[in-house]
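Worksheet for the structure shown next.
The values are calculated or read from the model by the stated rules, or taken from the named source; none is laboratory data. Owing to the predicted nature of the structure, the values given are computational and were not obtained by experimental measurement. Glycine gets a Cβ as well: all are built from the backbone with ideal geometry, and neighbour counts include every protein chain shown.
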Amino acid sequence: MEEVKLLMQDETSRKYFSRSTKRIANLFIKNILKTLKEFNAKSILDIGCGTGYITKKIKDSLDVEIVGCDINTNRLSIASKLFGEELVTADITELPFKDSSFDAVIALEIIEHLNDVNAAISEIKRVSKNYVIITVPNEPFFRLANFLRGKNIKTFGNIPDHIHQFNKHSLEKALSKHFSKVQVKNNAIFWIMAISELYEERI
């Protein structure tokens, strides 16, 4: 119960417990877990892990070595109190890891917030050995859903710090500059998930 109280204080974690969003948000996590399980990755980096809620879900469900990193020290403090996972304060454009450090790297709902998307994707690719998962809100459906439930009315459903909006086509176009193999698909209706494979490029 104390865990839920702490997480509910954070805007990005609230959706996992709110009555109106809990079901769809947890379906989102289920699809991430299913994809990571198919990779059979032994080491994972969760970029932008925030309060560590998904990081912990991955750790418990897949029994992998996982590191969470985020630039927000307040959210990392919550993650440390609740989950005690290996956590690192880091900027996505300057990750403190060697090349090909992790079997898989995930960045869930991160790049839509960034000024320099290309710099971030380059770093994500650099530290991954085999796989990359990137998720973003599926526009315009994400904004429409927010608007209809009375959230961010003044911005027509758009969260103010979402600098970029993506659909399947624009996400694939952005990632194809960096990866030769990209698969983009829906994840729980309101998000899209891009899977990029690197092991063939590393040969």
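Residues that are of a type in the set (Gly, Ala, Ser) and under 22 Å from Thr35 (Cβ atoms) are absent from region 80-98. Determine whether region 187-194 contains at least one residue that is farther than 17 Å from Ile54 by Cβ, part of a helix (DSSP H, G or I) and at pLDDT below 95. Looking for residues that are farther than 17 Å from Ile54 by Cβ, part of a helix (DSSP H, G or I) and at pLDDT below 95, one finds none in region 187-194, hence no.
Cβ separations smaller than 9 Å between residues 6+ apart or across chains give the following pairs from region 64-75 residues that are without any contact (Cβ under 8 Å) to a residue 24 or more places away in the chain and part of a strand (DSSP E or B) to residues that are surrounded by fewer than 20 Cβ atoms within 10 Å (Cβ to Cβ) and of a type in the set (Val, Ile, Thr): Gly68/Val88; Asp70/Val88; Asp70/Thr89.
From the list Ser122, Ser101, the lone residue that is modelled with pLDDT of 90 or more, touching a helix residue (DSSP H, G or I) at 6+ places or on another chain (Cβ under 6 Å) and either surrounded by fewer than 19 Cβ atoms within 10 Å (Cβ to Cβ) or of a type in the set (Phe, Trp, Tyr) (or both) is Ser101. Is it the case that region 60-68 has a residue that's under 13 Å from Leu7 (Cβ atoms), hydroxyl-bearing (Ser, Thr, Tyr) and surrounded by fewer than 21 Cβ atoms within 10 Å (Cβ to Cβ)? No: region 60-68 contains no residue that is under 13 Å from Leu7 (Cβ atoms), hydroxyl-bearing (Ser, Thr, Tyr) and surrounded by fewer than 21 Cβ atoms within 10 Å (Cβ to Cβ). Across region 125-152, the qualifying residues are those that are of a type in the set (Lys, Arg) and surrounded by fewer than 19 Cβ atoms within 10 Å (Cβ to Cβ), and the one among them that is nearest to Val182 (Cα to Cα) is Lys125. Taking first residues from region 171-185 that are at positive phi and β-branched (Val, Ile, Thr) and partners that are outside any strand (DSSP E or B) and modelled with pLDDT of 95 or more, no Cβ contact under 9 Å between residues at least 6 apart in sequence or on separate chains turns up. Of all the residues in region 81-103, those that are over 21 Å from Asp116 (Cα atoms), among the charged types (D, E, K, R) and part of a strand (DSSP E or B) number 2. If only residues of region 72-92 that are touching a Leu at 6+ places or on another chain (Cβ under 8 Å) and hydroxyl-bearing (Ser, Thr, Tyr) are counted, the one that is surrounded by the fewest Cβ atoms within 10 Å (Cβ to Cβ) is Thr89. Listed conditions (1) among the polar types (S, T, N, Q); (2) closer than 19 Å to Ile133 by Cα; (3) surrounded by fewer than 20 Cβ atoms within 10 Å (Cβ to Cβ) are all met by Ser18, apart from (2). Looking across Ile29, Ile54, one residue alone is over 25 Å from Pro96 (Cα atoms), buried (at least 16 other Cβ atoms within 10 Å of the Cβ) and modelled with pLDDT of 95 or more. It is Ile29.
Residues in region 1-26 that are closer than 20 Å to Phe142 by Cα and either touching a strand residue (DSSP E or B) at 6+ places or on another chain (Cβ under 7 Å) or in a loop (DSSP other than H, G, I, E, B) (or both): Asp10, Glu11, Thr12, Ser13, Phe17, Ser18, Arg19, Ser20, Thr21.
Taking region 104-144 as the range and being more than 22 Å from Val67 (Cα to Cα) and in a loop (DSSP other than H, G, I, E, B) as the test, the residues that pass are Asn115, Asp116, Glu139, Pro140.
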